Amino acid sequence: MSSTPAAREPAPIRRLPTALPVAPENPGIPFDPEPVERVRVNLAAVERRAATLPGRRTVKKQWQAAWLVKALQCIDLTTLSGDDTDGRVERLCAKARNPLGDELQAALGLADRRITVGAVCVYHRFVATAKRALEGTGIPVAAVSTGFPAGLSPLATRIAEIEASVAAGADEIDIVITREHALRGDWTALYDEIRSFKAACGPAHMKTILGTGDLKTLRNVGRASWVAMMAGADFIKTSTGKEGVNATIPVALTMTRAIRAYRETTGHFVGFKPAGGISTAKDVLNFQFVMKEELGNAWLEPGLFRIGASSLLADIERQLAHFTTGRYASFDHHALG
């Protein structure tokens, strides 16, 4: 893929800081259509890279265990079901605080480490519940917003929903875009919409869900990524988890390369969050390999990399338990709460 940006008056390349940030730094920039229009994706090359990645990159034994512990710390532990209750959210938060359990953590030689997930992600209805359950832990609470998952409610309603979640204490807001803007190529409308969401988020980090499975082409994914970052997205996120196709390696390659091009052009740092369908340790390792190869080690940390998942945690625990004991436990041995 090539996504080399070009502006009418080329912006100077900012000198990148010697110490990479531990969190995104993206106030956004004025809309410029030229970098968006110049996005190109070599589909065959992206698919070939995705197909060969698992064979080229492997980690085993204690190195795999270390990568999986790092992945665990980047999980946005999520419950977004119609039958969610305060009790379920409280149990999820308890798991978020101590995802490995004391016995397994000690067996890994990490008894002196404080290990938690990256965040807990819930509907607005449960923001206050999650905040109470996580008080004093420093674990952020993320709220899905803006008419999640379709994003088709009136704009004023979506903005009010963001404001309500921020007022309730949400540290992060996962917004969804109007996919129609991207499908029609109305990038100005998409920029204006996301910019209004950014203003409503105030101090909360904004993660912009592109709904990549609905965007039809990787070129649309790359263009929507650029527009979202121009509008101030702190993270760009693949999916709601409700689309027919969610996070894939070709999509991750397209979005991370857009992040890299945007950083090289503006100096601003944007995080990445794949979500939907990432349920095994093998899956998440491939996304970690993409982050390391395309963006570098800073994007292996929870400040710039999150994974939207729920059942993934159980499989990571299962693999880590196998590493320490040589035996696989049943999945119900590693329940979420």
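The values are calculated or read from the model by the stated rules, or taken from the named source; none is laboratory data. From a predicted model like this one, the values you see are computed outputs, not experimental measurements. Cβ atoms come from the backbone with ideal geometry, glycine included; neighbour counts cover every protein chain shown. Note: areas computed on protein heavy atoms with side chains; ligands, DNA, RNA excluded. Shrake-Rupley method; radii C 1.70, N 1.55, O 1.52, S 1.80 Å.
By the helix-only formula, in which each DSSP H run with n ≥ 4 contributes -39500 (n - 2.57) and the sum is divided by residues, the chain has a 222 nm mean residue ellipticity of -13500 deg cm²/dmol.
Our note on the geometry: Cα centres of segment 180-242 and segment 18-94, 16 Å apart. With respect to the chain, whose longest principal axis is taken over its alpha-carbon atoms, helix 155-167 is tilted by about 40°.
Volume of the convex hull of segment 241-337 (Cα atoms only), normalised per residue: 119 Å³. With both residues required to sit in the chain, DSSP beta bridges show an antiparallel share near 5%. The distance between label points at ASP86 and GLU47 comes to 5.2 nm (points 7 Å beyond Cα on the Cα→Cβ vector). When each of the peptides 303-309, 156-162 is scored by the mean number of other C-beta atoms lying within 10 Å of its residues, the order from highest to lowest reads 303-309, 156-162. For the residue pairs LYS242/LYS292; LYS61/LYS237; LYS198/LYS273; LYS237/LYS292, alpha carbon separations beyond 19 Å are given by LYS242/LYS292; LYS61/LYS237.
Comparing ASP171, ASP84, ASP315 in a Gaussian network model of the chain, where Cα atoms under 10 Å apart are tied by springs, the biggest mean-square fluctuation is seen for ASP84. Within the shell defined by Cβ-Cβ distances under 10 Å, the residues around PRO27 carry a net charge of -1, with Lys and Arg each +1 and Asp and Glu each -1.
With a 1.4 Å probe rolled over the protein heavy atoms of all chains, the accessible area of TRP67, TRP226 falls in the order TRP67, TRP226, largest first. Taking the longest Cα principal axis of the chain as reference, the axis of helix 43-56 is set at about 20 degrees. Shape analysis of segment 37-127 places it in the oblate category; the axes a ≥ b ≥ c from the Cα gyration tensor give an a/c of at least 1.5, with a/b not above b/c.
Considering only GLY87, GLY169, GLY213, the Gaussian network model of the chain with Cα springs below 10 Å gives its largest mean-square fluctuation to GLY87. If only the Cβ of Lys and Arg carry +1 and only the Cβ of Asp and Glu carry -1, the dipole of segment 120-254 around its Cα centre is close to 220 debye.
When THR58, THR240, THR248 are compared by accessible area of protein heavy atoms, the largest-first order is THR58, THR248, THR240, using a 1.4 Å probe. Springs join every pair of Cα atoms under 10 Å in this Gaussian network model of the chain, and among GLY202, GLY151, GLY109 the largest mean-square fluctuation is at GLY109.
The C-alpha atoms of the chain define a longest principal axis, and helix 281-294 lies at about 40 degrees to it.
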